[in-house]
Amino acid sequence: MEPGRTELADLDPFDLYDTEAARLADYFASLDQAAWQRPSRCAGWSVRDVLAHLAGQEAYNHAFLDGTVPELFERLRREGVGDNLDQMNEWMVRQRRDRPVAEVLAEWLDKNATTRRRMREAGRDATLDTAAGPYPAGLQAFHYASELATHGDDVGVPVAPEEEPGRTAWRAEVGRMALAEQGRPVKVIPGPLGFEVRAEGAVGQLTTSEFVAATVDRLPPEHPLDDRIRAALVCLA
């Protein structure tokens, strides 16, 4: 079992996914018009754009569940989008910029609820036909929960102090799992204050929160982590 999977085995990925979705939904429901226009932590995207990204990404999620990934990519190619994931994401955001934000929010709430329900019904050991090939639904739910948590941080979703340690801990384990799955050339050694990380002869120390930020490519540019380690750790962006 890859590093991280042992620690994740005792967690319910569908519960984590539901929790992060509810956190975002509650936050989005509280925003006024000005708040939707605020810049997010995603370069070039407003808070509203992050919502549009989440709504658009449900097309991937439903294709994985329906086994229609080739058809989705063919449709995107017909639209002139191509196969580049970043280009697809930008296209999906652009498609929703002229729509009322309430309509985009309703789209995401409905489609994400369907994804979460179907994932839970399929069960942890079911196989999804993802863009990277067959993959267990339970592990995919960890990835989905991690992404919602990342975008929640991107838009400033508040997290209760008592929830933060556990939330950071499971996100770190999802990062370690992703690093192992991708065969990244980095060694991650848990310690009392976080992790020692090694890559290409470089050694660095990261708190658990910093490690999570590094795996999703959100570590601040001014952080002194060696660039070789920084590049090797990006696995969930």
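None of the figures in this text is laboratory data; all of them are computed from the coordinates on show. The model shown is predicted, which means the values in this text are computed figures rather than measured ones. For neighbour counting, all protein chains shown are included, and Cβ atoms are generated from backbone atoms with ideal geometry for every residue, glycine included.
Worth pointing out:
- Most mobile of G156, G133, G204 in a GNM of the chain (Cα contacts under 10 Å): G133
- Here the residues D98, D217, ranked from fewest to most Cβ neighbours within 10 Å of their Cβ, fall in the order D98, D217.
- For the chain, the relative contact order is 22 percent, taking Cα pairs closer than 8 Å that sit 6 or more residues apart in sequence and dividing their mean separation by the residue count.
- On full extension, the segment bounded by Y27 and E181 gains 52.2 nm, given 0.36 nm per residue less the C-alpha separation.
- If you plug the beta carbon distance of A113 and E163 into 1/(1 + (r/R0)^6) with R0 = 35 Å, you get a FRET efficiency near 0.95.
- Loop GluC sites (Glu not before Pro), segment 195-237, which have at most 11 other Cβ atoms in a 10 Å radius of their Cβ (DSSP): E222
- Contour minus Cα-Cα distance for Q95 and A132 (0.36 nm per residue): 10.8 nm
- Each part reduced to its alpha carbon centroid, segment 175-227 and segment 86-154 end up 26 Å apart.
- For segment 79-153, alpha-carbon Rg relative to the globular expectation (2.2 N^0.38 Å, N residues): 1.27
- Folded to 0 to 90 degrees: helix 13-29 orientation relative to the chain principal axis, Cα: 60 degrees
- Less than 5 angstrom separates the built amide H of S46 from those of S40, all sequence-distant by 5 or more or on a different chain.
- Separation in nanometres of the label points that stand 7 Å from Cα toward Cβ, at T19 and A59: 3.2 nm
- Among V159, V47, V101: highest mean-square fluctuation, GNM of the chain, C-alpha pairs under 10 Å: V159
- For the chain, pairs of C-alpha atoms spaced more than 25 angstrom apart make up 44 percent of the total.
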